[in-house]
Every structure is written in C-alpha cells, then in structure tokens.
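A.B. asks: Before I ask anything, here is the structure I am working with.
The values are calculated or read from the model by the stated rules, or taken from the named source; none is laboratory data. Computed from a predicted model, the values in this text were never measured in an experiment. A quick note on method: Cβ atoms are made from the backbone with ideal geometry, for glycine too, and the neighbour counts reach across all protein chains shown. Heads up: the accessible areas ignore ligands, DNA and RNA and are worked out on the full protein's heavy atoms, side chains in. Shrake-Rupley method; radii C 1.70, N 1.55, O 1.52, S 1.80 Å.
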Amino acid sequence: MSVTAAFNSLALAYDQKWSHSVVGRLQRDAVWSVVSHLFPADSHVLDLGCGTGEDAVRLARAGVRVHAIDVSPGMIEVARSKIEQCGVSRLVRTEVLAIESLGKLRADQPFDGALANFGSFNCVEDWRGAAAALVDLVRPGGKLALCVVGRVCLWESVWYLIHGAPKKAFRRTRGSATATFSPNTSFRVTYPSVQEMDAAFGEAFRRVHWRGIGLCVPPSYVRVGPRLGAALAACDRWLAGFPPLRALSDHRLFVYVRS
C-alpha cells in the first residue's frame, strides 16, 4: 500500500521535521486548546492515524485511556517507544490498522470519543464508510474531533505564487491531489469542504464547532522563528475561528457530537 510505505519512510524523522518544529508545536497547541476540553480524565478515546503518538501521550498524561491506530507499522513502532519512555503504557494501546478498516476493530465497550489529527482523514478514500464504522464505535453523546487539511490555504497560495509555482498555489481547490514521496509511494489526498464533511458525518454526528488551525501560523514548509511564531499564534487565537477567515487556514478542526 502506497500510504503505508510513504509514512513508514517518514516515521523516524517525522517528529524532528514536524512535531518538534516551531510550526508543528504551535499548530498542535491550537488543536489542543479545543481538544483538551472534550475528553476528561477516565475517558476512553480512539486516536485515528496516531502517527508517532504525540496526541496519545498527551491524552494519557491527562488521565485518558487511548486506543491508538495507524496504517504505518513504522509510525506505530515510534509511537510505542515514545509511549513507553513517557511512562503511559498502562493507558495506551496501539494497533496497526487503517482507518478504512475500522469495521474490524472490536472494542469491549463504546468509546467516549475519537480524535483524528493533522490530516489522517485526508488520506481516506471512503469517508462515509469510516463515519459508519464510528457510529458503532462511539457512544451517543461522544465527541469526534477531526483536524483535516483545508481546501483553501491563504499562506500556501501566496507562498507558491511568490515562488513561481501557480499549480501548487491552488492545488487544494480541486478537491484532491496526488501526494508523491517517491516513484513508488504516491497516493491520493482529498481536501473536503465543510459541506462534504457534514454529508459524511452528519447523519449520525452533529457538528457543534469548527475553526481554522494555521491561519496566521504558516504551513510546515515555511520556517519561522519562535518569537515570530508566538506572535502569529496569538493572532490565530483571535482570528482563526472567525468566519470567513477560518476557511483560509492550513487545517480545519471540526467537532461533532454523536447523536
């Protein structure tokens, strides 16, 4: 599977390139300013596309029990090492499993919620199938937090236009694109609209909130220093939830409640 191969190749360097970068930390903190209020201690949460385990560890440190899945064995291996080093192994279970295969996941009881952070759902072809599986996995009243790569990114459009790459500047607006890591690791990425998100999840989940993540804070390929990053993050706290500016952000964070 190309998605698996791509993220296996990224696993060892992912934290250095993204999680521990200035932009990575600021965008994740923006997500957590919302997510931290959704899942109280003793909740049981499904981490969808857990990557290197950053969110799983953060949830566990707050007393949340986590079942973390990812399609990439390489990512799961890094996540397991991190979870053990952070001393939260008793609260986190990991499993190599694609989001498309959620129907194979068997939980002893319904989850209190689910989190899919930073684009894991953009790599999923069958949104409705994943939503249908989550209906069976998340209890009524449970929260679903999805952070997806947005269809329009003001930073990206301006950045690539300045650098003479107009095709890249507006690649998201077509709704999908091909992500290529090497000749053997290309796969389709989708950029869902708000309406498409609601169509996929709206029958069983009610949207209660959405905001931009990375309106003023740039995408990961734009390097900023800590001082400038902090100033941009402060602007995001004021502006990234405001319509229509939120629709111009690098990512979009949606919160749904299971009906």
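A.B. asks: Please compare each pair in Lys104/Lys143; Lys17/Lys168; Lys17/Lys82; Lys143/Lys167 to a cut-off of 27 Å on the Cα-Cα distance and tell me which ones are over it.
C.D. replies: Check vs 27 Å cut-off fails for Lys143/Lys167.
A.B. asks: Stretch Val208-Asp29 to full length: gain in nm at 0.36 nm per residue minus the Cα-Cα span?
C.D. replies: Stretched fully, the Val208-Asp29 segment lengthens by 62.4 nm.
A.B. asks: Can you tell me what share of the DSSP beta bridges in the chain is antiparallel? A percent to the nearest 5 is fine.
C.D. replies: Among the beta bridges of the chain, antiparallel pairing accounts for roughly 55 percent.
A.B. asks: May I ask you to list the trypsin sites (Lys or Arg not before Pro) in segment 192-259 that are in a DSSP loop and have at most 16 other Cβ atoms within 10 Å of their Cβ?
C.D. replies: Passing both the DSSP loop test and the Cβ count: Arg223.
A.B. asks: Quote the FRET efficiency, to the nearest 0.05, computed for Gln16 versus Ser259 with a Förster distance R0 of 51 Å and r equal to the Cβ-Cβ distance.
C.D. replies: Result of the calculation: an efficiency of 0.80.
A.B. asks: Ok, one more. What figure, in Å² to the nearest 10, do you get for the accessible area of Trp18 with a 1.4 Å probe and non-protein molecules left out?
C.D. replies: 20 Å²
A.B. asks: Contour minus end-to-end for Asp108 and Cys235, with contour as 0.36 nm per residue of separation and end-to-end as the Cα-Cα distance?
C.D. replies: 41.4 nm
A.B. asks: In nanometres, what is the gap between the two model label sites at Arg139 and Glu84, each 7 Å from Cα along Cα-to-Cβ?
C.D. replies: With each label point 7 Å from Cα toward Cβ, the separation is 3.2 nm.
A.B. asks: Once you mark the GluC sites (Glu not before Pro) that are in a DSSP loop and have at most 16 other Cβ atoms within 10 Å, what is the longest gap between them in the chain?
C.D. replies: It works out to 1-124.
A.B. asks: On to the next question. Compute the FRET efficiency between Leu228 and Lys167 as 1/(1 + (r/R0)^6), taking r as their Cβ-Cβ distance and R0 = 25 Å, and round to the nearest 0.05.
C.D. replies: 0.35
A.B. asks: Taking the Cα centre of the chain as origin and charging only Cβ (+1 Lys, Arg; -1 Asp, Glu), how large is the dipole, in debye to the nearest 20?
C.D. replies: Dipole about the Cα centre, nearest 20: 580 debye.
A.B. asks: Sticking with the crude label model, points 7 Å out along Cα→Cβ, report the distance from Arg61 to Phe242 in nm, one decimal please.
C.D. replies: Calculated label separation equals 3.2 nm.
A.B. asks: Based on DSSP, what percent of beta bridges with both residues in segment 65-195 are antiparallel, to the nearest 5?
C.D. replies: Taking every DSSP beta bridge with both residues in segment 65-195, the antiparallel ones total about 35 percent.
A.B. asks: Additional query: Please give, to one decimal in nm, the separation of the simple spin-label points placed at Arg188 and Asp42, each 7 Å out from Cα toward the Cβ.
C.D. replies: 4.5 nm
A.B. asks: Next question. In segment 113-236, what percent of the accessible surface is made up of carbon and sulfur (1.4 Å probe, ligands and nucleic acids excluded)?
C.D. replies: Solvent-exposed carbon and sulfur of segment 113-236 make up 57 percent of the total.
A.B. asks: Rounded to the nearest whole Å², what accessible area per residue is found for segment 1-140 with the 1.4 Å probe?
C.D. replies: Heavy-atom SASA per residue in segment 1-140 reads 44 Å².
A.B. asks: Could you tell me the relative contact order of the chain? Use alpha-carbon pairs under 8 Å, at least six residues apart, and round to a whole percent.
C.D. replies: Normalised by residue count, the contact order of the chain is 21 percent.
A.B. asks: Hey, another quick one. Specify which residue in the list His20, Pro73, Ala5 is farthest towards the positive end of the charge dipole of segment 1-96, using unit charges on the beta carbon of Lys, Arg (+1) and Asp, Glu (-1), about the Cα centre.
C.D. replies: His20
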